[in-house]
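Below you'll find the structure, written out as structure tokens, and then a few comments.
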Amino acid sequence: MSIIVNNVIKGFSGTEIIKDISFEFEKGKTNLIIGQSGSGKSVLTKCIVGLYEVDSGEVIYGGENFSAMNKSERKKIRTQIGMLFQGSALFDSYSVEQNVMFPLTMFTDMSKEEMLERVNFCLERVELENKNHLFPSEISGGMQKRVAIARAIALNPQYLFCDEPNSGLDPKTSIVIDNLIHDLTKEYDMTTVVITHDMNSVMEIGENILYIHEGENWWTGDNHSIVTTNNQEIGDFVYASEFMKQLRGKLI
Amino acid sequence: MNLFEHIGRFILMIGQAFKKPEKWSVLRKNFIIEINTIGISSLSIVALLSLFMGAVMVIQTASNIDSPLIPAYTVGFATRQSMILEFSSTMICLILAGKVGSNIASEVGTMRLTEQIDALEVMGVNSINHLVLPKILASLFIFPFIVLISMGLGLIGGGLIGTQAGIITLEKYIMGLQYYFDPFSITYSLIKTLFFAFFIATIPSYFGYYVNPSGGALEVGKSGTKSVVASSMVILLINLIITYFLLL
């Protein structure tokens, strides 16, 4: 099921950060929210997952108006959401196994054996077998991201949000994470929303892209159309470095 | 934010904390972990402080009694009154407000900073209930025991120094401890402790939970300081109010 954002406006202390954004995040695709730092990507995402209340407009999950729901009504939707945070947001005092098991403990009536089976399946899926008893401080940043992905998919979510999944990772590990997110999206037929300003990610997995500029929906398209667009703002974003500008000259 | 806005938000947080937990088994597990973090890990410092304070009280009381008209057992009596009525409850709780309070504020504040609280909320977990309620329950459960242990150790410390330094005989000291003993003084002390325990758990949780994440580690440090100052002030105020109503 898709996520539809209709005329969302959000501000803080009288300053409008998100200015009337409408967009559809499509099911079974990796949808990207891109834009420069401070453009409002994270605020929009937090509005979509309900960490911030929208000032006006609506967020619709699979036909249900999430913005109009109360806290207990939202809980049903929330259990269908998995989220990967920028800093992984793993619980420091829990081991890898306990982190992945956490949503299962909270929201299912599975037995300990069933939960362990599911945890091992999720860890295998992100290629982290036999790391169950390590703590977040004992594993690398890339591994932490993969544990966070395993935790996010533990409940078989319909919606996956990834807030800058590649921040702090080397280019090679970034591509591993990008491909993992992309593969999981296809495998579980999820609606995935990735917030990024990494052009490698955009080119690798950007199937449906929303470009935000100063809180506005500036451009929409995919990873093919973004390199050929004549939009000056997008051009400056995609071809930011001198090297890329020269490359653009050869491409277009 | 002004003081009234803080109080309003604090009350709303308490309301969230006392909502029905998602899973009782998770609450039970977290409750046991918090008993260890808040209570058991504080026992050594409480024991040390109580033994030494009891000993110092005996020496100070004895050194201030010049008149031969004042009986020797007064040393035991004064030590008992000081330990039970004030030191073991108020002073120990003030010390724990520093030790436990800064620990809670930095733990919860770091969770906010590293988006762990956001992760809980996105999953649909009531983060305040999940993080704060076990701390409140553990504090309410373990603090009275800590205070009782402190009372006992303080009186033992006083007895040890009194007898070993030749200040008072053991018989006279015990007579002083028993002289005009009103069991209500222990009840009064434990009632105070329950109030202190509640605020030692909740005030640092509040400052940690609402820390400004964009301020980074600096803000977490500030939240620890603010929580210790605020909980110490609340302890002193509650001490005055309860003492006024229960002892006057």
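A short reminder: the numbers here are calculations on the coordinates, not readings from a lab. As the structure is a computational prediction, the values presented were derived from the model and not from experiment. Positions of Cβ are generated from backbone atoms using ideal geometry, with glycine treated the same way; all protein chains shown enter the neighbour counts.
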Only one of (1) among the hydroxyl-bearing types (Ser, Thr, Tyr); (2) over 30 Å from B:Ser82 (Cβ atoms); (3) out of contact with any helix residue (DSSP H, G or I) (no Cβ under 6 Å at 6 or more places or on another chain) does not apply to B:Thr187, and that is (2)
With the condition kept exactly as written, say whether any residue in segment B:12-20 is part of a loop (DSSP other than H, G, I, E, B) and more than 12 Å from every other protein chain (Cβ to nearest Cβ).
yes
Residue under question is A:Gly14, and the condition is that it be in contact with a strand residue (DSSP E or B) (Cβ under 9 Å, 6 or more places away or on another chain) and either within 11 Å of another protein chain (Cβ to nearest Cβ) or surrounded by fewer than 17 Cβ atoms within 10 Å (Cβ to Cβ) (or both); does it hold?
no
Name the residues in segment A:66-85 that are surrounded by fewer than 18 Cβ atoms within 10 Å (Cβ to Cβ) and closer than 30 Å to B:Ser106 by Cβ, would you?
A:Lys71, A:Lys75
Count, please, the residues in segment B:117-156 that happen to be under 13 Å from the mean Cα position of the chain (by Cα) and more than 23 Å from B:Gly101 (Cα to Cα).
0
Quick one: what pairs do we get from segment B:70-99, first residue touching a residue at least 12 places away in the same chain (Cβ under 8 Å), second charged (D, E, K, R), C-beta under 7 Å, 6+ apart or different chains?
B:Ala72/B:Lys172; B:Tyr73/B:Lys172; B:Gly76/B:Lys172; B:Ser89/B:Lys192; B:Thr90/B:Lys192
For segment A:125-222, give me every one of the helices (runs of 4 or more DSSP H) that falls completely inside it and has 2 or more residues that are surrounded by fewer than 19 Cβ atoms within 10 Å (Cβ to Cβ) and more than 14 Å from chain B (Cβ to nearest Cβ).
A:171-188, A:199-205
With the condition kept exactly as written, say whether any residue in segment A:15-26 is touching a Ser or Thr at 6+ places or on another chain (Cβ under 8 Å), without any contact (Cβ under 8 Å) to a residue 60 or more places away in the chain and over 29 Å from A:Met203 (Cα atoms).
no
Just a yes or no: is a residue in segment A:204-223 more than 16 Å from the chain's Cα centre (by Cα), within 26 Å of A:Val8 (Cα to Cα) and among the hydrophobic types (A, V, I, L, M, F, W, C)?
yes
Selection status of A:Leu155, of a type outside the set (Gly, Ala, Ser) and in contact with a Pro (Cβ under 6 Å, 6 or more places away or on another chain):
yes
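Residues are listed down the side, and each one gets a yes or a no for (1) out of contact with any Pro (no Cβ under 9 Å at 6 or more places or on another chain); (2) crowded, with 19+ Cβ neighbours inside 10 Å; (3) within 14 Å of chain A (Cβ to nearest Cβ):
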| position | (1), (2), (3) |
| --- | --- |
| B:Ala105 | no, yes, no |
| B:Thr110 | yes, no, yes |
| B:Ser127 | yes, yes, yes |
| B:Leu153 | yes, yes, no |
Name, by its number, the condition in (1) away from chain A (no Cβ under 14 Å); (2) touching a residue at least 60 places away in the same chain (Cβ under 8 Å); (3) closer than 18 Å to B:Ser227 by Cβ that does not hold for B:Leu3.
(2)
